[in-house]
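Encoded as structure tokens, the structure appears first; notes follow it.
The values are calculated or read from the model by the stated rules, or taken from the named source; none is laboratory data. What you see is a predicted model; the values in this text were computed from it and never measured. Note that each Cβ is placed from the backbone with ideal geometry, even for glycine, and that neighbours are counted across all protein chains shown.
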Amino acid sequence: MLDLDFGKVEDLLRLGRMLEERPPKLNGVTVAVALAEELLRVRDRDGVERPLVANEAQRTFEAGRGRQNIVLKARQMGMTTWVAGRFFLRTITAQGVLTVQVAHTREAAEGIFRMVQRFWECLPEQMRKGPLRRSLANVGQMRFPELDSEFRVVSAADESAGRGLTMQNLHCSEVARWPGDAAATLAGLRAALSPRGEMVLESTPNGAYGCFYEEWMRAGLAGPDCSGVVPHFFPWWMEEAYVANSVTNFSEEELGLMQRHTLSAAQIGFRRGLETSYRGLRSQEFAESPESCFKATGECCFDVEAIEQRMTEVYEPTERRRGGSLQIWLPPVPDREYLIAVDTAGGGVDGDFAAVQVIELRGGRQCAELQQRLPVLELAKVAAALGREYGCNMKGGEAWIAVERNNHGSGVLAYLSATEHYTNVWSQGGDAGFLTTAGNKPGMVSRMGALLVETPQIFSSKRLLAECRTFVNHPGSRTGAANGAHDDCLMAMAIAQAARAEWLVSHR
């Protein structure tokens, strides 16, 4: 394939430089795809050792990968194998490289390391006895002294994973199933990644909550997020082995799926088998869309089918501000009136998210949404700025601002008055702000449920709709976010729509 002497360090380094160029091609494929097929060996599903020939999902990832990536996928798509192979090639073709793969269990880590061990054992002898001679090769670690490079596989169950290291390649596998405080573990690993390092977060879905779900929501539903994380979604039909006996008499849903994704009767046969074997977990284990594969734990308070349908229809924001935290779909329009709803959600840079919703007063349509961890003073400033931006045609040039006065809301109200000198503040019974109580919350939730069914077109945010999917019934007749999920955007919208309903009564 290449005119290189794999027994020389300098030729390996030349190859490494080619791996980093974009888009390098050899015989129509990237250098990584060509080199993996020539040098690396894996065991297939039948236990047969064969070259690592990239499948459709692996080639698609390779073509679209960035420096930071998050992969949402169906089961057994070969992504762990591909990332392990690609990072192994990067490790053996560069100097001073540390690659770390993090599995969700110790057993999974041992399995990945056995695969990496096979990569090395099947290399040409001149490489294994030359520049890729190992000084250390124990369970989970191999070191190449001539390159001063190292490959490690660890478990997320190890609380010290990644600490004290500086990594150039980081692969986090099955993040949705990491034990303990997965977000803290991931934060520690990210801190150890060099500024120019490459990261891949990868998992099948496991509930609409938790670390991986939040990471995907930040990147997957809104395109690359403010830190440049590239989302990749791979549905089950990208795996050519997922076929069964062909079927006939297709349902409308199956016909629509076949038309949208060019599926065969044999693939639909496989899908029917999944419905029998996995029942309600089919869409989680064998993902078909990013919107439907995350399943909430508990009974959703809203019509899930209506929510998921709307999630397929909404469009991207026309503008993003504050690093993507503030999303805008509809700018202010002359002769229209607006309301800003604020949910402080505990406030602070280390607490829950604060959320702000901007809606049209007459039609209730969502115009803008902010979700960000903010101290109360900064939240008041942002809300006031939005109020003046959308209040250009209203009294005093200010839109209504309805702040939930529970908890830290009183602080936001105080700053709006004293610092921002904002006057058009929503009040109830002579008291500034909107009070959410055990008495009025069920009505607010019911109103949101009705709007999601009757006028779903007024909602534009996938963040909001995703929170609606994970808003469930809890014991004791309580409602709220599923364990590990958030409801900040939802409660801000519920406040907005409740205040709007009051406003409409007084403006008939």
Restricting attention to segment 173-180, does a residue exist that is modelled with pLDDT of 90 or more, among the acidic types (Asp, Glu) and either within 18 Å of Ala84 (Cα to Cα) or assigned by TED's automatic domain parsing to the domain that holds Glu215 (or both)? yes
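A quick yes/no check of all residues on (1) of a type in the set (A, V, I, L, M); (2) under 17 Å from Leu170 (Cβ atoms); (3) part of a loop (DSSP other than H, G, I, E, B); (4) in contact with a Ser or Thr (Cβ under 6 Å, 6 or more places away or on another chain):
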| position | (1), (2), (3), (4) |
| --- | --- |
| Ala54 | yes, no, yes, no |
| Gln58 | no, no, no, no |
| Phe61 | no, yes, no, no |
| Ile70 | yes, yes, no, no |
| Arg75 | no, no, yes, yes |
| Val83 | yes, yes, no, no |
| Phe87 | no, yes, no, yes |
| Arg90 | no, yes, no, no |
| Gly96 | no, yes, yes, no |
If you go through segment 441-464 one residue at a time, do you hit one that is at pLDDT below 90 and out of contact with any strand residue (DSSP E or B) (no Cβ under 8 Å at 6 or more places or on another chain)? no
For segment 360-477, give me every one of the strands (runs of 3 or more DSSP E) that falls completely inside it and has 2 or more residues that are under 25 Å from Glu214 (Cα atoms). 366-372, 471-474
Can we say Leu19 is modelled with pLDDT under 85, in the same structural domain as Arg177 (by TED's automatic domain parsing) and surrounded by 13 or more Cβ atoms within 10 Å (Cβ to Cβ)? yes
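Quick grid of which residues meet (1) touching a residue at least 12 places away in the same chain (Cβ under 8 Å); (2) within 16 Å of Val154 (Cα to Cα); (3) assigned by TED's automatic domain parsing to the domain that holds Arg196; (4) over 28 Å from the mean Cα position of the chain (by Cα):
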site	(1), (2), (3), (4)
Thr80	yes, yes, yes, no
Ala94	yes, no, yes, yes
Glu107	no, yes, yes, no
Phe119	yes, no, yes, yes
Restricting to segment 130-150, what's the tally of residues that are out of contact with any strand residue (DSSP E or B) (no Cβ under 7 Å at 6 or more places or on another chain) and without any contact (Cβ under 8 Å) to a residue 12 or more places away in the chain? 1
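Kindly indicate whether Val445 is in contact with a Ser or Thr (Cβ under 8 Å, 6 or more places away or on another chain) and within 16 Å of Arg500 (Cβ to Cβ). Walk me through it before giving the result.
On the way: in contact with a Ser or Thr (Cβ under 8 Å, 6 or more places away or on another chain): yes; within 16 Å of Arg500 (Cβ to Cβ): yes.
Considered against the rule, which asks whether it is in contact with a Ser or Thr (Cβ under 8 Å, 6 or more places away or on another chain) and within 16 Å of Arg500 (Cβ to Cβ), Val445 comes out as yes.
Which one is nearest to Arg90 (Cα to Cα) among residues in segment 131-189 that are hydroxyl-bearing (Ser, Thr, Tyr) and outside any loop (DSSP other than H, G, I, E, B)?
The extreme case among them is Ser149.
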Long-range neighbours under 9 Å by Cβ, at least six apart or interchain, first residue more than 22 Å from Ala137 (Cβ to Cβ) within segment 151-175, second part of a loop (DSSP other than H, G, I, E, B) and of a type in the set (A, V, I, L, M): Cys172/Ala156; Glu174/Ala156; Val175/Ala156
Could you count how many residues in segment 184-196 are crowded, with 19+ Cβ neighbours inside 10 Å and in contact with a strand residue (DSSP E or B) (Cβ under 7 Å, 6 or more places away or on another chain)? 3
